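Novice: Here it is, the structure, as structure tokens.
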Amino acid sequence: MSKLDNLIGQATAIAHPNLAIIKYWGKENELKNIPASPSLGIALNELHTVTKVYLKHPSSNSEETDRVFIDEKLQSDRRFANFFANLRELVDKRNPKMGKFIITACSSSDFPSSAGLASSASGFAALALACTSALKFELPAKQLSALARTGSASAARSTFGGFVRLDSGAIYANQIYDENWWPELRIIVVEIEKEAKELSSRAAMERVKMNSPFYQAWISDSKKNIDKSLAALEAKNLSALGPLIRRSYLRMFSTMFSSYPPIIYWKPASLAVIILCEKLRSAGLNIWETMDAGPQVKILCLEKEVPLLIEHLKTQFSHLPFWICKVGGPPYLSNND
Ligand code: PMV
């Protein structure tokens, strides 16, 4: 029997990372990967993760296992075990006669991975879409979001385009507005460092929950923050949304700074960019920065402010690359399979 006789299906999916403007930080249930804080995120149109998967029946007596490669490097099984277990549960329900299968996935992004640019969100969203498409399952959007969440909670948001909400305690995300809602909005992603972070967001969240004295305050505060943010988003009012974006990321980081040992993802250049934003705000620009579990800084502004902001970034940080992003759409399949 040739290798191809074992093939069940293959597919390639492309997804955008989803940047949280109101942060998910902390898990209500670690095993099921359920978020403890509500979040609101935006798909970043100019950044992509491409994931190709092959699903096949194992050959007899084979000890083949699932394998995931990111930029051609084999990843640890542990990172993907929960996602694959949930995928198999779904297959058992939908097609109990399918029999055993193994998965090979090859993924790459056009931005640094595991560095605080939400590559796990785009990665698991693309993986969920590619696997279910290789299986010829057409999942309702909420079910695809729930499957992606089992790999990484922020990935539940990345299975949608536009503006997406993931509630605390939720198993799937919901799209609030599509990518055409606020055409003037731009997100400038400033790359501070390319290197993968040393501490994963999962490990950081566990530490914070275990020993930051501010953790409970963070959770209750983020529940208050989300409703105000949704109202500001509905009104497309960046002056009202901006302070809530800033409050969310700074309060999230205060749980990290106050945990033991402290978690410090910031680099000197991250702080320098934050200070530049603060200075430009004082001079009247409507620009608002945010950060995730990594050193990169993302700045939200309206299209008309982009030239001036870029001029300042180029003058003061000529060595730092950046992307000017619009709001992106949902993940999609490539036609090349
Ligand atoms: O989904 P994870 O485990 O990669 O965690 C993402 C956490 C943040 O990026 C800091 C916030 C968020 O909501 O995306």
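Novice: Using packing as a proxy for protection, rank 286-294, 187-195 so that the peptide with the highest average count of other Cβ atoms within 10 Å comes first.
Specialist: Top of the packing list down: 286-294, 187-195.
Novice: Cross-link partners among lysines for K236, C-alpha distance below 21 Å, same-chain residues fewer than 8 apart left out?
Specialist: K23, K223, K224, K228, K298, K304, K326
Novice: So what does the Cα-only Debye profile of the stretch 185-325 read at q = 0.14, 0.17 Å⁻¹, as log10 I(q)/I(0), no solvent term?
Specialist: Those come out to -0.71, -1.01, one per q.
Novice: While we're here: With θ set to phi - 60° and the Karplus curve 6.51 cos²θ - 1.76 cosθ + 1.60, what are the ³J(HN,Hα) couplings of the stretch 90-101 in order, to the nearest whole Hz, using x for Gly and Pro?
Specialist: 5, 5, 4, 6, 7, 8, x, 8, 4, x, 5, 8
Novice: When we measure straight from the Cα of K56, which aspartates and glutamates land under 13 angstrom away, once same-chain ones fewer than 8 places off are left out?
Specialist: By straight Cα distance, K56 reaches D5, E64, D66.
Novice: Using modelled backbone amide H atoms (1.01 Å from N, in-plane), which distant-in-sequence or interchain residues come within less than 5 Å of I22's amide H?
Specialist: Those qualifying (amide H under 5 Å, at least 5 residues apart or on another chain) are L40.
Novice: Any idea how far the Cα center of the stretch 217-245 sits from the one of the stretch 1-76, in Å?
Specialist: Measuring centre to centre over Cα atoms gives 30 Å.
Novice: Shifting gears a bit: Determine the dipole magnitude for the stretch 22-126: charges of +1 sit on the beta-carbon of Lys and Arg, -1 on that of Asp and Glu, nothing else is charged, the reference point is the Cα centre, and the result goes in debye to the nearest 20.
Specialist: Around 360 debye, computed over the stretch 22-126.
Novice: Need one number: % antiparallel among DSSP beta bridges in the stretch 7-182, to the nearest 5.
Specialist: Roughly 90 percent of the beta bridges in the stretch 7-182 run antiparallel, per DSSP.
Novice: If contacts are Cα pairs under 8 angstrom and at least 6 residues apart, what is the relative contact order of the stretch 163-238 in percent?
Specialist: 16 percent
Novice: Could you give me the ³J(HN,Hα) list for the stretch 13-25, computed from phi with Karplus coefficients 6.51, -1.76, 1.60 and θ = phi - 60°, whole Hz, x at Gly and Pro?
Specialist: 10, 10, 9, 8, x, 10, 8, 7, 8, 10, 8, 7, 7
Novice: Of all beta bridges DSSP finds with both residues in the chain, what is the antiparallel percent, to the nearest 5?
Specialist: Rounded to the nearest five, the antiparallel share is 90 percent.
Novice: What is the sum of charges, Lys and Arg at +1 and Asp and Glu at -1, for the other residues whose Cβ falls under 12 Å from the Cβ of T159?
Specialist: +3
Novice: Taking the Cα centre of the stretch 185-325 as origin, work out the dipole magnitude from +1 charges on Lys and Arg Cβ and -1 charges on Asp and Glu Cβ, in debye rounded to 20.
Specialist: Values: 19 positive and 14 negative charges, 58 e Å.
My answer is approximately 280 debye.
Novice: A further question follows. Could you check which residue among S168, S200, S76 shows the biggest mean-square fluctuation in a GNM of the chain with a 10 Å Cα cutoff?
Specialist: Highest fluctuation among the options: S76.
Novice: Still on this structure: If you build the convex hull over the alpha carbons only and average its shadow over all orientations, what do you get for the chain? Give it in nm² to one decimal. Display every interim value, and only then the final one.
Specialist: Values: hull surface 69.4 nm².
Averaged projected hull area, Cα only: 17.4 nm².
Novice: For K267, which aspartates and glutamates qualify as cross-link partners when the Cα separation must be under 20 Å and same-chain residues fewer than eight apart are set aside?
Specialist: E191, E193, E195, E198, E278, E289, D292
Novice: Over the chain, what relative contact order in percent results from Cα pairs under 8 Å that are six or more residues apart?
Specialist: That works out to 26 percent.
Novice: Same structure, new question: Out of the stretch 34-105, which chymotrypsin sites (Phe, Trp or Tyr not before Pro) are coil in DSSP terms and have no more than 12 other C-beta atoms within 10 Å?
Specialist: Nothing satisfies the criteria.
Novice: Further question on the same structure: Given the options G116, G169, G99, state which has the largest fluctuation in a GNM of the chain using a 10 Å cut-off (strictly under) for Cα springs.
Specialist: Highest fluctuation of the listed residues: G99.
Novice: To the nearest Å, what is the center-to-center distance of the stretch 87-103 and the stretch 299-337, using C-alpha atoms only?
Specialist: 40 Å
Novice: Show log10 I(q)/I(0) for the stretch 7-182 at q = 0.14, 0.16, 0.20 Å⁻¹, two decimals, from a solvent-free Debye sum over equal Cα scatterers.
Specialist: -0.69, -0.90, -1.37
Novice: For the stretch 85-209: lysine pairs with Cα atoms under 21 Å, gap of 8 or more or different chains, count? Please report the intermediate quantities before stating the final value.
Specialist: On the way: K93/K136; K93/K142; K97/K136; K100/K136; K197/K209.
Pairs that pass both the separation and distance tests number 5.
Novice: Under a Cβ-only charge scheme (Lys and Arg +1, Asp and Glu -1), can you give me the dipole magnitude of the stretch 154-244 about the Cα centre, in debye to the nearest 20?
Specialist: In debye, rounded to 20, the stretch 154-244 gives about 260.
Novice: Run through every distinct alpha carbon pair of the stretch 1-94 and return the Kirkwood hydrodynamic radius in angstroms, one decimal place.
Specialist: Roughly 16.5 Å, rounded to one decimal.
Just so you know, all these numbers are worked out from the coordinates, no wet-lab data involved. Small disclaimer: the values here were computed from a predicted structure and weren't measured. No Cβ is skipped: glycine too gets one built from the backbone with ideal geometry, and neighbour counts run over all protein chains shown.
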